[in-house]
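The values are calculated or read from the model by the stated rules, or taken from the named source; none is laboratory data. Treat the numbers as computed from the prediction; the structure is a model and nothing was measured. Positions of Cβ are generated from backbone atoms using ideal geometry, with glycine treated the same way; all protein chains shown enter the neighbour counts.
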Amino acid sequence: MDKTDEELIQGYRSGDKAAYETLFHRHKGKIFNFALRMIANRADAEDVTSEVFIQLFHKAYQDTGKAKLTTWLFTVARNACLSRLRARKFVGSLWFKKSDTDEFEEWDIPDTSLPPEEVLRNKEMAKAVKRALMTLPDEQKEAVILREYLKKDYAEIAEILDCSLQKVKVLIFRGREHLRIELAALIKEETI
């Protein structure tokens, strides 16, 4: 039976390095995907993921009963992402374009078991959703990513964003509406 996060934290504090490794492997993918969607830069997302686990390694997480470990991890990741986004306003970003087009390089790996036309359609849809997601105001984008991509419940999102449950509901509703409007033509095209 797998140990809970809390049991692993206790084990790590008692000197069990394998417990930390288990925590890292259990949560690194979710933290990385959250950071990648927030800041849309793979290198920065990797750095954010490292920062989160370095803080955990230095025993910054205190099990006070207020927040689950996952909530704490996403809060630390969110703050690191926001810091990087603020810094970008003063420093130019490095974006690598594909040599043969004006589009930014895609990081998603296509599912090769699908027919090529479906892979292409999915890829185009993913690009459109990604572009639409990046047009959302920061708080809406955070809330939508946490809910839709990371399947966090509303209460946990409220804790991560440090706001009320009602505000989370409003942010997600407005974010979804904005995305629905932005993607309306694409959705209409898919149904034809």
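A few comments on the model shown:
- Selection within region 1-25: residues that are among the charged types (D, E, K, R) and not in a loop (DSSP other than H, G, I, E, B). The member of this set that is nearest to Glu46 (Cα to Cα) is Glu21.
- For region 164-174, the condition holds for at least one residue, the condition being that it is more than 14 Å from the chain's Cα centre (by Cα), modelled with pLDDT of 75 or more and hydroxyl-bearing (Ser, Thr, Tyr).
- If you go through region 164-184 and keep only what is of a type in the set (A, V, I, L, M, F, W, C) and closer than 15 Å to Leu146 by Cβ, you end up with Leu165, Val168, Val170, Leu171, Ile172, Phe173, Leu179.
- Of everything listed in (1) surrounded by 15 or more Cβ atoms within 10 Å (Cβ to Cβ); (2) at pLDDT 90 or above; (3) under 17 Å from the mean Cα position of the chain (by Cα), the single unmet condition for Pro137 is (1).
- Yes/no for Leu73 being assigned to a helix (DSSP H, G or I), at pLDDT below 90 and under 30 Å from Glu6 (Cα atoms): no
- For region 13-40, the set of residues classified as touching a Ser or Thr at 6+ places or on another chain (Cβ under 9 Å), crowded, with 18+ Cβ neighbours inside 10 Å and without any contact (Cβ under 8 Å) to a residue 60 or more places away in the chain consists of His27, Ile31, Phe32, Ala35, listed by residue number.
- Residue within region 88-96 that is at pLDDT below 85, farther than 28 Å from Leu23 by Cα and either assigned to a helix (DSSP H, G or I) or of a type in the set (D, E, K, R) (or both) present: yes
- Test: residue in region 98-107 that is touching a helix residue (DSSP H, G or I) at 6+ places or on another chain (Cβ under 6 Å) and either at pLDDT below 90 or closer than 23 Å to Arg147 by Cα (or both): yes
- Within region 132-152, residues that are on the phi < 0 side of the Ramachandran plot have Cβ atoms under 7 Å from residues that are outside any helix (DSSP H, G or I) in these pairs: Ala132/Leu183; Met134/Ala40; Val144/Leu136; Leu146/Lys152, counting only partners at least 6 apart in sequence or on another chain.
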